[in-house]
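Just below is one structure, and these are the notes that go with it.
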Amino acid sequence: MSVNVKTFARLADAASALANERGARFMGGGTVLMRLINDTNPAVETVVRSTDQSLLHLAVSSGRIELGSGVTMAAVLAERDLAFLHAAARAVGGPAIREAATVGGNLFARTPYGDFATALLALDATVTLAVGLGQRELPLEEFLDRRERGTSLVSAVAFKRPAAEAFRFLKVTRVHPRGVSVLSIAAQLPLASGRITGARIAFGGMNRTPVRAKAAERALEGRALDAAGIAPALAVAAEGTAPADDAIASAWWRREILPVHLRRLLIGPGQA
Amino acid sequence: MKTPVQFRLNGEDVAAFAESGANLLDVLREVVGDLSVKGGCWQGSCGACTVLIDGAPRLSCLTLAESIAGRSIETAAGLRRGAELHPLQIAFMERFAAQCGYCTSGMLMAAKALLDRNPSPTREDVVEALGGNICRCTGYEPIIQAVLDAASGDRRRRA
Amino acid sequence: MFELRKDIFADERDDNLKEIGQPTQRQDMLGHVTGTSTYYDDHRIAGLLHLKVLRSPHAHARIRSIDDAAAARAPGVKRIIRAADVPVNLNTLLSLIQFGKDDEPSLANDIVRYKGEPILGIVATSERAAIEALGLVRVSYDQLPAVFDVEEALKPGAPSVNATYPKNTFEYHGKYDHQKLRYGDVEAGFAQADVVLEERYQMSPIEHAPVETNGSIAVPDTNGRFVVYTSTQALFFSLDTAAKINAVPSNQLHFIGGTVGGGFGGKVDTMTEPLVILAARLTGAPVRYRFSRHEEMQFGAPRGAERIYVKDGVMRDGRIVARKVRAYFDSGAYTRLSSYAVVKCVAHIPGPYTIPNAHADVYCVFTNRTPATAMRGFGVTALDFALECQMDKLAVAIGMDPIEFRILNAYRDGDMKAHRREAKNCALIECAQVAAEKANWPLREQFRRMSSRIGGGADRTAAGVDRSRAPTPAAPARTAAAAPQRVAYERPAPPAPTPPPARGAPPPPPSPPAGSTHGAPRFSSVFGTRRR
Ligand SMILES: Cc1cc2nc3c(=O)[nH]c(=O)nc-3n(C[C@H](O)[C@H](O)[C@H](O)COP(=O)(O)OP(=O)(O)OC[C@H]3O[C@@H](n4cnc5c(N)ncnc54)[C@H](O)[C@@H]3O)c2cc1C
Ligand code: FES
Ligand code: FES
């Protein structure tokens, strides 16, 4: 039996179809979903699409940034005002994947995919769901925690623009130029008179979903960005992570290299 | 269930009936009959199926066929103008940038996407642009050189 | 960049040739760049059906029962193919040259011996319908103990993998469980050696990962013939194999191949053709059987795993006096081509070096892993990896430069090889000299002067630091005791401003190569040594 494809002009109609149809999945760029369909995965019976232009909404102001869930990685890369996010967008697949891959789809991509979601997590993003005729906003962290159970449609993500130079992203891969993550790290490091206040660090590839590195965040509070300042954070970096053994790397290896790359992200490779 | 889709393929109007949920790769090859597009994985990993959709490189195996209604598709079959080869085709020949040839259509289209937007790419740009395309035969270097040759227009250049 | 060193052995070659030495365009290149080369799947065939096979989820199990009733009723299903439908359901690839016994079914009868072994086929109107129907087949299994390690498989009491070879080893010449090489007396060599080094090496299976997966299409033709479009890289080999399994004369099969989307050895196993022809015979319709990427990576035959033990005896003057190799090829559950890889391996021992005492025992072992097959230099590749790692370690152990160490021991024309054939057309010394030159790796004068020709090198004992004649380390610049020059195998600092060696590194030999054997006809040592 072929897959049922239902296309809706209005987001609300798509949202209700997604909630009510059996085995229904929303299609963003399809870079993950089409693989399942091509493999004849029995879990996918109905595909819900929407041509609603609001999904492509991209609003950049000095304070708040909003990205519709249908915004692609290529669209993020085309936006000069989002330069701080370019490393994270470029981390997703090759050029052709990035033309299709959406922000919304990345929130659902299974580990070790989810590089862009990792960046959004360190930006303290919120997720907007289309529910019935309305919307519901919740923190990304909470969304990721429950995403496996949900059948709701993500309409957008939003976050505060980070201070200049405060946002960093790094992806570790074994295949160059384009490979799946061994792990990825995103960090937002606001500095007040040389001291970090309210750091946000997120790891991709270290858990079932991208996760916040809360122990490391706490250990950075009030510290300087230098070898001595970050040492306590490196020591607790792997706390709370539960990486997997997969074809890309072993859990052991991921845990071993995590502090090494966190150090590089925080103060660069040269400074031990 | 079949769904009608209309689009432009290499400048010509095409109408086809696609199986519901079918990918563009299968529709191009098995319904429309453009066999220049190759499939190596049907999961986005090899790049053999790369085509241009409205000028952007896309993996046809991951593209829902019905989503391309009204769009313009370019494939390797449309690269040459009559008898005249595209500079990329000439450069690929001269640089020995194909062995089995199975990845070549996808490589050419990924390279064309790059050159259409950036006529004088650096080596890094070329490597990046071909980053989603796998070649198991050539070792990549001849392909990178061919794209650089085509860009510089200097087909006689030899290292 | 590419460079032909025609100055080397120039006197032995006629360079006045039209094609050889001239760049030539591939004849299929225009097709490749225009997307018009015809691969097996580039045929539009009306009414095409699709074959997919059910694969074992277990590495070793007895099939208790198969219930395919629901699958047979599923939408689009045209035919179920069971083991009993396969006319000759036991084959081995090299039976075509009378090498080995039939040991592998096309569809498993009663026992599955590796994860992914085909059990049953479904022919349907689309791949999707075939895959959906496969999901409805119910198989019940009794799992059996499995073995995944070559040495474990040889231990008493190990699970027996392959019914044709119950002891888990391929049988050579109808009676031997391994291939042997015996030359000189290795034990005497070890006793004489200054340093003896034994190491263990191993290599994991490697997947060819051709961009085009394995596949074929069989189309019924007139007069009971079938046209078969195939990705095979061994057209007539696949034709004969498919004819045997289908019990039809080979003139009923018209194989069309030629343009292969990458093979590297992974498309000789004829994994799809026999069943796709059977499917076309049973349905009277054209059928395609194409591996998914997952099938290609997981069940397509890889280069097999190997484990290799190497024990060497070496003199402080640099001569290797004994080499003993014990190696195990992991054939997986069936033979395919690993038996032949072992023969090639033994033919390659002790590597391209003149060693007076050589000894080898090499086993082709069955385990419950995916059957292995050919891949670019198989039988030799992993062995060379082991031997060359070993060469570096030996050089360090005796404090000798690793390239000089190789030059000293390399075959020269006229040397007697361990297989009791005279070495001919040798060129390793020249290769090593040029490589050293390109890498700015300093070689001592006498090593730069050596040549592969008869009489083209100094006496081996005089060339190195001859410890037998100078037992007290008077000035042992390169012994293990005095810090070896390059223990870490690192590139040395660029040489002091010594003048670079003249172009054409090998100097003219002392006397014209009167008895040169360069240019003498070569011949394959692989089956040349095979007794029937
Ligand atoms: C070759 C290859 C390489 C890749 N490399 C990377 C990589 O390096 N890093 C990385 O992070 N990812 C990678 N990916 C995965 C994937 O491309 C990205 O994660 C991408 O962002 C997914 O977005 P999509 O729009 O294509 O998702 P889709 O395939 O459309 O959807 C994925 C899942 O999310 C659901 N979904 C999508 N959008 C919504 C929505 N708005 N509301 C509710 N549910 C939704 C779908 O139902 C589906 O279950 C790769 C994929 C491939 C094929
Ligand atoms: S077939 Fe589309 S990427 Fe491989
Ligand atoms: S030429 Fe064979 S895969 Fe590229």
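The values are calculated or read from the model by the stated rules, or taken from the named source; none is laboratory data. These figures come from a predicted structure and were not determined experimentally. So basically every Cβ, Gly included, is an ideal-geometry build from the backbone, and we count neighbours across all protein chains shown. Just the protein is used for accessible areas: all its heavy atoms, side chains included, with ligands, DNA and RNA removed. Shrake-Rupley method; radii C 1.70, N 1.55, O 1.52, S 1.80 Å.
Every residue in the range B:99-120 that is within 16 Å of ligand 2 (Cβ to nearest atom) and not in a helix (DSSP H, G or I), please.
Matches in the range B:99-120: B:C100, B:G101, B:Y102, B:C103.
Can you list residue pairs whose Cβ atoms sit under 8 Å apart, with the first residue in the range A:1-24 being away from chain B (no Cβ under 14 Å) and the second being assigned to a loop (DSSP other than H, G, I, E, B) and among the aliphatic types (A, V, I, L, M)? Count only pairs 6 or more apart in sequence or on different chains.
Matching pairs, first to second residue: A:A12/A:L133.
Quick check: is even one residue across the range C:229-237 within 14 Å of chain B (Cβ to nearest Cβ), closer than 25 Å to C:D330 by Cα, at pLDDT 95 or above and surrounded by fewer than 18 Cβ atoms within 10 Å (Cβ to Cβ)?
No, the range C:229-237 has no match at all.
Quick check on the range B:101-113. Is at least one of its residues on the phi < 0 side of the Ramachandran plot and away from chain C (no Cβ under 14 Å)?
yes
Among the numbered criteria (1) in a loop (DSSP other than H, G, I, E, B); (2) open to solvent by 10 Å² or more (accessible area, probe 1.4 Å); (3) in contact (Cβ under 8 Å) with a residue 12 or more places away in the chain; (4) not hydroxyl-bearing (S, T, Y), which one does C:G379 miss?
(2)
Anything in the range A:110-136 that is in a loop (DSSP other than H, G, I, E, B), open to solvent by 10 Å² or more (accessible area, probe 1.4 Å) and within 26 Å of A:A199 (Cα to Cα)? List them, or say none.
A:R110, A:T111, A:P112, A:Y113, A:D124
Here's a check for you: in the range A:68-92, which residue that is in a loop (DSSP other than H, G, I, E, B) and open to solvent by less than 30 Å² (accessible area, probe 1.4 Å) is nearest to ligand 2 (Cβ to nearest atom)?
Of everything passing the filter in the range A:68-92, A:V92 is nearest to ligand 2 (Cβ to nearest atom).
Kindly indicate the residue of the range C:435-473 that is surrounded by 18 or more Cβ atoms within 10 Å (Cβ to Cβ) and among the β-branched types (V, I, T) and also modelled with the highest pLDDT among those meeting that condition.
Only one residue fits best here, namely C:I454.
Need pairs with beta-carbon distance below 9 Å; first residue more than 14 Å from chain B (Cβ to nearest Cβ) and within the range A:156-183, second within 16 Å of ligand 2 (Cβ to nearest atom) and of a type in the set (S, T, Y); sequence gap 6+ or separate chains.
Pairs that qualify, where the first residue is more than 14 Å from chain B (Cβ to nearest Cβ) and the partner is within 16 Å of ligand 2 (Cβ to nearest atom) and of a type in the set (S, T, Y), are A:S181/A:Y113.
Can you find, within the range C:19-49, the residue that is most open to solvent (accessible area, probe 1.4 Å) among those that are away from chain B (no Cβ under 11 Å), out of contact with any helix residue (DSSP H, G or I) (no Cβ under 7 Å at 6 or more places or on another chain) and among the hydrophobic types (A, V, I, L, M, F, W, C)?
Looking at residues that are away from chain B (no Cβ under 11 Å), out of contact with any helix residue (DSSP H, G or I) (no Cβ under 7 Å at 6 or more places or on another chain) and among the hydrophobic types (A, V, I, L, M, F, W, C), I get C:I20.
Output the number of the condition that C:D85 fails; it satisfies all remaining conditions of (1) under 30 Å from C:L136 (Cα atoms); (2) open to solvent by less than 20 Å² (accessible area, probe 1.4 Å); (3) more than 11 Å from every other protein chain (Cβ to nearest Cβ).
Tallying (1) under 30 Å from C:L136 (Cα atoms); (2) open to solvent by less than 20 Å² (accessible area, probe 1.4 Å); (3) more than 11 Å from every other protein chain (Cβ to nearest Cβ), C:D85 fails exactly one: (2).
If you go through the range C:58-75 one residue at a time, how many are within 20 Å of C:E127 (Cβ to Cβ) and open to solvent by 30 Å² or more (accessible area, probe 1.4 Å)?
Looking only at that region, the number is 4.
Just give me the residues in the range B:28-73 being among the acidic types (D, E) and within 12 Å of ligand 1 (Cβ to nearest atom), in sequence order.
Matches in the range B:28-73: none.
Of the conditions (1) touching a residue at least 24 places away in the same chain (Cβ under 8 Å); (2) open to solvent by 10 Å² or more (accessible area, probe 1.4 Å); (3) part of a loop (DSSP other than H, G, I, E, B); (4) touching a helix residue (DSSP H, G or I) at 6+ places or on another chain (Cβ under 9 Å), B:C137 fails just one. Which one is it?
The single condition B:C137 does not satisfy is (4).
Looking only at residues that are hydroxyl-bearing (S, T, Y) and at pLDDT below 95 in the range A:137-168, which one is least open to solvent (accessible area, probe 1.4 Å)?
Checked the range A:137-168; the qualifying residue least open to solvent (accessible area, probe 1.4 Å) is A:S152.
Do we have any residue at all in the range C:302-311 that's assigned to a loop (DSSP other than H, G, I, E, B), under 30 Å from C:V195 (Cβ atoms), aliphatic (A, V, I, L, M) and more than 16 Å from ligand 2 (Cβ to nearest atom)?
Yes, there is a match, as at least one residue in the range C:302-311 is assigned to a loop (DSSP other than H, G, I, E, B), under 30 Å from C:V195 (Cβ atoms), aliphatic (A, V, I, L, M) and more than 16 Å from ligand 2 (Cβ to nearest atom).
Just one of the numbered conditions (1) without any contact (Cβ under 8 Å) to a residue 24 or more places away in the chain; (2) open to solvent by less than 20 Å² (accessible area, probe 1.4 Å); (3) over 17 Å from the mean Cα position of the chain (by Cα) is not true of B:G39; which one?
With (1) without any contact (Cβ under 8 Å) to a residue 24 or more places away in the chain; (2) open to solvent by less than 20 Å² (accessible area, probe 1.4 Å); (3) over 17 Å from the mean Cα position of the chain (by Cα) applied to B:G39, the lone miss is (3).
I'm checking my understanding of the structure. Among residues of the range B:53-74 that are in a helix (DSSP H, G or I) and small (G, A, S), which one is most open to solvent (accessible area, probe 1.4 Å)?
B:S67
Which residues, counting only those in the range B:79-98, are in a helix (DSSP H, G or I) and open to solvent by 20 Å² or more (accessible area, probe 1.4 Å)?
Result: B:P87, B:I90, B:M93, B:E94.
In the range A:124-173, what residues are under 24 Å from A:R254 (Cα atoms) and aromatic (F, W, Y)?
Within the range A:124-173, A:F167, A:F169 meet the criteria.
Tell me which residues, restricted to the range C:249-267, are open to solvent by 20 Å² or more (accessible area, probe 1.4 Å) and of a type outside the set (G, A, S).
Once the filter is applied, which keeps residues that are open to solvent by 20 Å² or more (accessible area, probe 1.4 Å) and of a type outside the set (G, A, S), the range C:249-267 yields C:P249, C:N251, C:Q252, C:H254, C:I256, C:T259, C:V260, C:F264.
Give the number of residues within the range C:207-228 that are surrounded by fewer than 18 Cβ atoms within 10 Å (Cβ to Cβ) and closer than 19 Å to C:E296 by Cα.
1
Which count do you get for residues in the range B:30-52 that are outside any loop (DSSP other than H, G, I, E, B) and either within 8 Å of chain C (Cβ to nearest Cβ) or within 15 Å of ligand 3 (Cβ to nearest atom) (or both)?
2
Which residue out of A:A215, A:A244, A:A238 is buried (at least 19 other Cβ atoms within 10 Å of the Cβ) and either in a loop (DSSP other than H, G, I, E, B) or in contact (Cβ under 8 Å) with a residue 12 or more places away in the chain (or both)?
A:A238
Examine the range B:112-119 for a residue that is touching a Ser or Thr at 6+ places or on another chain (Cβ under 7 Å) and free of Cβ contacts under 8 Å to residues at least 40 places away in the same chain, and state whether such a residue exists.
no
For the range B:80-92, indicate whether the set of residues that are within 7 Å of another protein chain (Cβ to nearest Cβ), of a type in the set (F, W, Y) and within 13 Å of ligand 2 (Cβ to nearest atom) is non-empty.
No, the range B:80-92 contains no residue that is within 7 Å of another protein chain (Cβ to nearest Cβ), of a type in the set (F, W, Y) and within 13 Å of ligand 2 (Cβ to nearest atom).
Residue check: is B:R123 over 16 Å from C:S37 (Cβ atoms), open to solvent by 50 Å² or more (accessible area, probe 1.4 Å), modelled with pLDDT under 95 and away from ligand 3 (no atom under 14 Å from the Cβ)?
no
Which number in (1) open to solvent by 10 Å² or more (accessible area, probe 1.4 Å); (2) under 27 Å from A:V44 (Cβ atoms) marks the one condition that B:V5 misses?
(1)
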